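So the structure is just underneath, and the comments pick up after that.
No value in this document is a laboratory result; all are computed from the given coordinates. On a predicted model such as this, the values are computed, not experimentally measured, just so you know. Here the Cβ positions follow ideal geometry from the backbone for every residue, glycine too, while neighbour counts run over all protein chains shown.
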Amino acid sequence: MLVILSAISLILFALVITRLILILPFFKVDRNGKERQALMENGNKAQPRQIEHQTVRQKDKPLHLFVFLGSGGHTGEMLRILQNYDSVLFYEPKNEGTRIQTILYLGYSDLQSLEKFKDFISNYKYKNNMIINYVQFIKARNVNANMINSLISISKTLFYSFKQILRIKLQMLNNPHLVLLNGPGTCCIITLWFKVFEFFLIGSSSNIVYVESLARITSLSMTGKILYYLADKFVVQWEDLKQTICPRALYYGILV
Amino acid sequence: MKTAFVTCGATAPFPQLIDSVLTDHVLTILNKTWGVQRVVIQHGALYSETQFKDTVSKVFQDTQYTSAKDNSECRELGCPSLTSAHVTTTVGNSLYLVGIAYSSQVTTILSNADTVVAIAHAGTGSILDAFGAQVPLCVVPNPYLQDNHQQEIAIRLSKMNRLTATERPTSKDLAVALLSLHDHMVNASHMTKDESSHVIPQALPGPAEFCRLLAQTATE
């Protein structure tokens, strides 16, 4: 009996480890990154290549995009990312047909960010090509909050965001999808749930891109330190970071 | 009216920045050197109107305040209400001070040709807003935040000549920074457009390769 039990638990353990290896970022070989680096090392200034949209929308399916607006500076940087990279996140339909191109899940935790977003979207050139679902999260940690208050708010966020993320994850299944995060603390919980669901839904992917704040030059933020081990693509905006503390990170210059 | 815009960020309070601006010395420099007649201060919701009045009154006794709601100036500044006062510095420079809790039109105010200088905490949101509007920027890093991370970016960007940063949040440091920023701008005005592009703040370009990363990551 004992032998059988231990054998089963051993097999389970092995399965869990294999699954973790499959979903966590350290073991993934980043071919594009290497190619790009080789290009840079050759001294060629990498030419901005035409992006092949076909690679994203193979079956003319809309992109499911989750974006989290942190607060203050995080929100500011994220809105700039949406602005600067609109051609790939939201692009115009080829003909005049009003196909919805992007289904945007907009996560936020403070009303000021929501207001800023609504202000931003009202002048946005692709506003008619997307459906926006607003998802409110509870802030996981306030700036300079103490330990006990942080613990309470973190568990609250964990509890309430479970269902929200699960619903989004199910919508994303079998559709092109992207999760774009740039902090602060609430992003860790969002990532955690996405990764937990990825663990159980075999064959799915999370496609989480985390962009560390422009303010971080020589050290990572708390969120960055955690997401370095969880996010699928970890992007920094200063080369110093990549050279010193997070060699696995991707660096393309300042993005915001 | 030539304007200086002051902002201390929405997330964490930073009263030291407002205290440093609202001093005889700094206001004199703003008026005399920069030609500023109006100083608009976005003090955030965490810094009350009363606090704002107290700070002004400490420096300029017997100041008369006007509160306004929904008038044309409120609409211009994108805020529901404001507190304003006329003050005169000890050397006789008169300025019009406006305190607002929060503006939804920061980029519009900064882009206005009348806005000649911006003074901000070293948060990336404020820095990027000023870069986008190409307005001369002086930052005061808030040293009370996690890892003092504002200091780091302030030093780095000031080395790249994109802004001027103070070392500490004091009026003395701010005065020095505002004077050196002004010298900088005067020097830049004698340069060709190409040379001055390194001095005058401008939007930082976003690389196309990040686009590729996004496109390749967004799979099923």
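Compute, for segment A:122-217, the length of the dipole vector about the Cα centre, with Cβ point charges of +1 (Lys, Arg) and -1 (Asp, Glu) only. Units Debye, rounded to 20.
220 debye
Using a simple spin-label model with points 7 Å from Cα along the Cα→Cβ vector, what separation in nm is obtained for B:Thr33 and A:Tyr160?
4.7 nm
Which one, B:Met160, B:Leu22, B:Thr124, projects farthest toward the positive side of the charge dipole computed for chain B from Cβ point charges (K/R +1, D/E -1)?
B:Leu22
So what's the back-of-envelope 222 nm ellipticity for the protein assembly as shown, counting only DSSP H runs of four-plus at -39500 (n - 2.57) apiece and dividing by all residues, rounded to 500?
-13000 deg cm²/dmol
By what distance, in whole Å, do the Cα atoms of the protein assembly as shown stretch along each of the three principal axes, largest value first?
Taking max minus min along each principal axis of the Cα atoms, the protein assembly as shown gives 91, 52, 48 Å.
Using mean Cβ contacts within 10 Å as the protection proxy, how do B:143-156, A:187-200 order, highest first?
Values: B:143-156: 17.8, A:187-200: 20.4.
The peptides rank, most packed first, as A:187-200, B:143-156.
Can you pull the one-decimal nm distance between simple spin-label points at A:Asp86 and B:Ser111, each 7 Å off the Cα toward Cβ?
Result for the modelled spin labels: 1.2 nm.
Would you work out which of A:Asn182, B:Leu178, A:Ile17 lies farthest towards the positive end of the dipole of the protein assembly as shown? Charges go on Cβ: Lys and Arg +1, Asp and Glu -1.
A:Ile17
Using Cα-Cα distances under 8 Å and only pairs 6 or more residues apart, what relative contact order does segment A:172-256 have, in percent?
Computed over segment A:172-256, the figure is 27 percent.
What size of dipole, in debye to the nearest 20, comes out for segment B:3-219 about its Cα centre when the only charges are +1 on Lys and Arg C-beta atoms and -1 on Asp and Glu C-beta atoms?
In debye, rounded to 20, segment B:3-219 gives about 100.
Share of Cα-Cα pairs in chain B beyond 32 Å, in percent?
Details: 4559 of 24090 pairs.
Roughly 19 percent, rounded to a whole number.
Below 8 Å between Cα atoms, with a sequence gap of 6+, how large is the relative contact order for chain B in percent?
After rounding, I find 21 percent.
Based on the mean of other Cβ atoms within 10 Å per residue, sort peptides B:175-184, B:86-95 so the most packed one is first.
Descending packing order for the listed peptides: B:175-184, B:86-95.
Quote to one decimal, in nm, the extra length available between A:Phe200 and A:Phe26 on full extension: 0.36 nm per residue of separation minus the C-alpha distance between them.
60.7 nm
Label A:Gln171 and B:Tyr144 with points 7 Å out from Cα along Cα→Cβ: what is the distance between them in nm?
Placing both labels 7 Å along Cα→Cβ, they lie 4.0 nm apart.
Across peptide A:71-84, what mean number of C-beta atoms from other chains lies inside 10 Å of a residue's C-beta? If you can, show how the numbers build up before the last one.
Values: counts 3, 8, 12, 4, 3, 9, 3, 0, 2, 8, 3, 0, 2, 8.
Shielding by partners across A:71-84 averages 5.
Could you work out, residue by residue across A:249-255, how many beta carbons of other chains sit within 10 Å of that residue's beta carbon, and then give the average as an integer? Please list the in-between numbers first.
On the way: counts 0, 3, 3, 8, 6, 6, 7.
The shielding value for this peptide is 5.
Give me the number: length gained by fully extending A:Phe13 to A:Glu239, i.e. 0.36 nm times residue separation minus the C-alpha to C-alpha distance, one decimal in nm.
Values: separation 226, 0.36 × 226 = 81.36 nm, distance 3.84 nm.
My answer for the length gained is 77.5 nm.
Computed over the Cα atoms of segment B:28-123, what is the ratio Rg over Rh, Rh following Kirkwood?
0.94
Name all residues of segment A:63-85 having a backbone nitrogen under 19 Å from the label point set 7 Å from the Cα of A:Asn149 along its Cα→Cβ direction, giving them as ranges.
A:71-73
For segment B:40-66 and segment B:79-141, what is the separation of their C-alpha centers, rounded to whole Å?
For segment B:40-66 versus segment B:79-141, the Cα centre distance is 15 Å.
Dipole magnitude of the protein assembly as shown about its Cα centre, charges +1 at Lys/Arg Cβ and -1 at Asp/Glu Cβ only, in debye to the nearest 20? Display every interim value, and only then the final one.
On the way: 43 positive and 36 negative charges, 278 e Å.
Rounded to the nearest 20 debye, it is 1340 debye.
Taking each residue in A:213-220, count the Cβ atoms of any other chain within 10 Å of its Cβ, then average. What number comes out?
Mean inter-chain Cβ contacts per residue within 10 Å come to 6.
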